[in-house]
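Structure first, then comments.
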Amino acid sequence: MQEATANCFRKALRFSGRSDTYEFWGFAFAIFIAFILAAVLNQLVFGPQSSEFVKVSVENGTKVNIQTGTKTAYGAGPFSVAVGLIVLVPLASAAWRRIQDTGRPGWLLVIPAVLSAVPFGLMQLMPVQELQLPPDVLAAAPQLPDVVEIPEPSIGLIVAAGASSLCAIVLSLFWLTRGSDGPNKFGEPVAEEAA
């Protein structure tokens, strides 16, 4: 695992070549451990992060349900953000090279990223329905606005989210697939490259 992590950081800006399953998954496991340690540090140093929420749901376009409360996140904080920023580029390049180890182009990694951005764009274009909140609801939750905008669901949003999820599953299968034996169009296998 240490060797895989060192290799991935050493090749952080290198998107050419190949990464075998040991290198990629050893690095992924090291990142998993780093996030656990960061969560523990966040908890020890900053304690749990709490935020208040108001959830408004509408049934049949008329009945309004309001739920208020406090959400507590354990382990969220600056140490986790720092780990994420440190490993972002090395993990992306290792994932790119891992796909190339199977003989497929690394740019396939971009497809789920683009597809996952589509639902956010579609949400901005979705029509919204304005709902005037009844006086008894406003009395119970004075922090709410008088009018709530409720987005109307879109089939395009569901299709885009499903396509993004499907692509992520396919990429995960590629990462689990054994690399091609011998050289492929992306270079020598990792073991021969190191020799």
Next on the checklist: Please compute the per residue accessible area over the chain with all protein chains in place, 1.4 Å probe, rounded to a whole number of Å².
Outcome noted: 62
Next on the checklist: Tell me the angle of helix 155-176 to the major Cα principal axis of the chain, expressed in degrees between 0 and 90 and rounded to the nearest ten.
Outcome noted: 30
Item to check | Angle between the chain longest axis and helix 21-46 axis [Cα atoms, degrees, rounded to 10] | outcome: 40
Item to check | Part-to-part distance (alpha-carbon centres) for the range 1-28 and the range 100-123, which is given in Å | outcome: 20
Item to check | Sites residue 89 and residue 124, calculated FRET efficiency, Cβ-Cβ separation with R0 25 Å, nearest 0.05 | outcome: 0.30
Next on the checklist: Give me the percent relative contact order of the chain, please, defined on Cα pairs under 8 angstrom at least 6 residues apart.
Outcome noted: 26
Next on the checklist: Per 0.36 nm of contour for each residue apart, how much would the distance between residue 51 and residue 110 grow if the chain were fully extended, relative to their Cα-Cα spacing?
Outcome noted: 17.9 nm
Checklist entry - What is the extension gain from residue 35 to residue 136, computed as 0.36 nm multiplied by their sequence separation minus the C-alpha to C-alpha distance, in nm to one decimal? => result 31.9 nm
Checklist outcome for this item: Carbon and sulfur atoms account, in whole percent of the 1.4 Å probe accessible area of the chain, for 67
Next on the checklist: For the chain, take the longest principal axis of its alpha carbons; what is the angle in degrees between that and the long axis of helix 78-101, to the nearest 10 within 0 to 90?
Outcome noted: 50
Checklist outcome for this item: Applying the gyration tensor rule to the Cα atoms of the range 73-132 (axes a ≥ b ≥ c; rounded if a/c under 1.5, else prolate if a/b exceeds b/c, else oblate), the class is oblate
Checklist outcome for this item: P(r) of the chain over all Cα-Cα pairs, 5 Å bins starting at 0, rounded to whole percent, reads 1, 7, 11, 11, 11, 12, 12, 10, 8, 6, 5, 3, 1, 1, 0, 0
Checklist entry - Cα-based count: Lys pairs in the chain below 29 Å, eight or more positions apart or different chains? => result 4
Item to check | Structure-based [θ]222 nm, the chain - -39500 (n - 2.57) summed over DSSP H runs of at least 4, per residue, nearest 500 | outcome: -18000 deg cm²/dmol
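The values are calculated or read from the model by the stated rules, or taken from the named source; none is laboratory data. Here the structure is a predicted model, which means the values were calculated and not measured. Don't worry about glycine lacking a Cβ; one is built from the backbone with ideal geometry, like all the others, and counts go over all protein chains shown. Heavy atoms of the whole protein, side chains included, go into the accessibility calculation; ligands, DNA and RNA do not. Shrake-Rupley method; radii C 1.70, N 1.55, O 1.52, S 1.80 Å.
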